[in-house]
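To start, the structure itself, in structure tokens.
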Amino acid sequence: MGVEPHSIVAAAVPAEIDARAADELLAFARHLDRAASAWLDSLGEDGRRQGRRVGYVLIGTPEYALGMDVLVRSLRAVTDLPILVLAAGGWKPTLRATNLAVLAVPEIVKQDLEGSLAARFRRTLTKLWAFSFVSLDRLVYLDGDCLVRQTIDDLFDGEGFAAAPDLLCNQPHPVFNSGVFALSPDAAMRQSLFASLPATPSFDGGDQGILNAFFGADVTWLPARDNYLRTYEPIMPGAAGAARVIHYTAKKPWTPQSESIGDHALLGLDDVWTEKLDRAGLMALVGTWRRAVADSETAANTALRRIEAELVDQRRGAKRLMRRVLLALGLVALLQAGLLVAWLSG
């Protein structure tokens, strides 16, 4: 794992491209494909499986740096096939692995999701750059929060588009999870996807909805073990042991905050992920958590001081009110005494 990655896109790229800019998307996609093709040519037979040109495609951002480190390590433990890492959001990877190349890419942003409930998914469309690589006979895409536990090289042997079902997706029809998929890309598909992107509906406001709408029923279904979502564990306890890919949906194992009440029950799966970190990764994880705890404590202390100040103000207000009440009662007593004297005198 001590090999420097091959950077095949050194030039500056735009920070983002609007999903409505189809011509701009297609131009950059062609640029990516040419760069990747030249690098894959340099690998010779190392870039092929059974005579086919293949590669794993991963996309990372600064927030997913630790996740990508673990993903690359877990992949390299079971395969020597090429890995294309697409670095978005200004991320500058420090990954080390053989037959690995880094390409800088803009984020694909769907502006009409701004302010919507699905806004947190609006930049997941960046994974659509995977459809750029038409010079590949087949590719396998994995999200940066995945952990590969067994070889999945056989996914390169199929045809068309293949993905595993999302068993927890609340839709009236079967839906695949887009965190892992295998694809036989071609220029016509790439053109169609980017050209139709602005008008393609998305049930979740992100790439999963877009891709399910784009492919419809034209999907080869993979078993759940090829994309085992972390959130399956409560309903399928122990099934993760047979999973070839564990996908850490919802809470990420490198973040200390829980996403839901049941997260504590899934800590065993987080430990499985943590075991793949090297010393530098562990130190980075500890440092990140310490800063998160410190920020949380600072915020809690600030809130506590604010509450204490409010309580002091309330006590002061109560004392002022009590003095006013006592004064009023004293005045009433004096008035009653005066009336009593007047009545007795009369």
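Kindly express, to the nearest 10 degrees and within the range 0 to 90, the angle between helix 22-43's C-alpha long axis and the longest C-alpha principal axis of the chain.
Once rounded, one gets 50 degrees.
Once fully extended, how much extra length lies between LEU304 and TRP221, figured as 0.36 nm per residue of separation less the alpha-carbon to alpha-carbon distance? Walk me through the intermediate numbers first.
Numbers: separation 83, 0.36 × 83 = 29.88 nm, distance 5.21 nm.
Stretched fully, the LEU304-TRP221 segment lengthens by 24.7 nm.
Please name whichever of LEU327, PRO253, ALA187 sits farthest to the positive end of the charge dipole of the chain, dipole taken about the Cα centre and charges placed at Cβ: Lys and Arg +1, Asp and Glu -1.
LEU327
Can you compute the FRET efficiency between SER345 and LEU311 using 1/(1 + (r/R0)^6), with r the Cβ-Cβ distance and R0 = 56 Å? Round to the nearest 0.05.
Values: r = 50 Å, r/R0 = 0.90.
E(calc), rounded to 0.05, equals 0.65.
Helix 65-76: angle to the longest alpha-carbon principal axis of the chain, degrees 0 to 90, nearest 10?
30 degrees
In debye, nearest 20: dipole of the stretch 25-116 around its Cα centre with unit charges on the Cβ of K, R (+) and D, E (-)? Before the final figure, lay out each step's value.
On the way: 11 positive and 10 negative charges, 65 e Å.
Its charge dipole is roughly 320 debye.
Using the alpha-carbon atoms, what tilt in degrees (0 to 90, nearest 10) does helix 187-196 show relative to the longest principal axis of the chain?
Relative to the chain, helix 187-196 is tipped by roughly 20 degrees.
Accessible surface of LYS319 in the full protein assembly, 1.4 angstrom probe, to the nearest 10 Å²?
Using a 1.4 Å probe on the heavy atoms, I get roughly 130 Å².
Using the Cα centre as the reference, give the magnitude of the dipole from point charges on the C-beta atoms of the chain (Lys, Arg: +1; Asp, Glu: -1; all else neutral), rounded to the nearest 20 debye.
Working: 36 positive and 40 negative charges, 336 e Å.
Dipole size: approximately 1620 debye.
Return the Rg/Rh ratio of the stretch 123-247 with Cα-based radii and a Kirkwood Rh.
Values: Rg = 14.3 Å, Rh = 15.0 Å.
Expressed as Rg/Rh, it is 0.95.
Can you pull the one-decimal nm distance between simple spin-label points at GLU45 and ALA12, each 7 Å off the Cα toward Cβ?
4.4 nm
Sum -39500 (n - 2.57) across every DSSP H segment of at least 4 residues in the chain, then divide by the residue count to get the 222 nm mean residue ellipticity, nearest 500.
Working: 6 runs with 128 residues, N = 346.
Computed mean residue ellipticity for the chain: -13000 deg cm²/dmol.
Taking R0 as 30 Å, what FRET efficiency do you get between ARG34 and GLU275 from their Cβ-Cβ distance, rounded to the nearest 0.05?
Values: r = 39 Å, r/R0 = 1.29.
Efficiency, from the Cβ-Cβ distance: 0.20.
Note the full-extension length gain between VAL332 and LEU167 as 0.36 nm times their separation in residues minus their Cα-Cα distance, in nm to one decimal. Intermediate values should be presented prior to the final figure.
Details: separation 165, 0.36 × 165 = 59.40 nm, distance 7.33 nm.
The span from VAL332 to LEU167 would gain 52.1 nm if fully extended.
Enter the accessible area of PHE176 (Å², nearest 10), with the probe set to 1.4 Å and all protein chains included.
Probe radius 1.4 Å; accessible area of PHE176 about 0 Å².
Calculate the FRET efficiency for TRP289 and ALA187 from the Cβ-Cβ distance with a Förster distance of 35 Å, rounded to the nearest 0.05. Numbers along the way, then the final one.
Values: r = 45 Å, r/R0 = 1.30.
Computed FRET efficiency for TRP289 and ALA187: 0.15.
How many angstrom separate the Cα center of the stretch 293-342 from the Cα center of the stretch 152-195?
Comparing the Cα centres of the stretch 293-342 and the stretch 152-195, I get a distance of 65 Å.
Equivalent-ellipsoid semi-axes (√(5λ), Cα gyration tensor) for the chain, whole Å, largest first? Please list the in-between numbers first.
Values: eigenvalues 661, 108, 85 Å².
The answer is 57, 23, 21 Å, longest axis first.
Considering only DSSP beta bridges with both partners in the stretch 128-287, what is the antiparallel share in %, to the nearest 5?
Working: 11 of 15 bridges.
Bridges in the stretch 128-287 that DSSP calls antiparallel: roughly 75 percent.
Treating only the Cβ of Lys, Arg, Asp and Glu as charged (+1, +1, -1, -1), what charge dipole size does the stretch 189-346 show about its Cα centre? Round to the nearest 20 debye.
Working: 18 positive and 16 negative charges, 210 e Å.
Magnitude of the dipole: close to 1000 debye.
Measuring from label point to label point, each 7 Å out along Cα→Cβ, what is the LYS319 to LEU267 span in nm?
4.5 nm
The values are calculated or read from the model by the stated rules, or taken from the named source; none is laboratory data. The structure presented is a predicted model; accordingly, all values stated were derived computationally and were not measured. Using ideal geometry, Cβ is built from the backbone for each residue, glycine included, and neighbour counts are taken over all protein chains shown. With ligands, DNA and RNA removed, areas are computed over all heavy atoms of the protein, side chains included. Shrake-Rupley method; radii C 1.70, N 1.55, O 1.52, S 1.80 Å.
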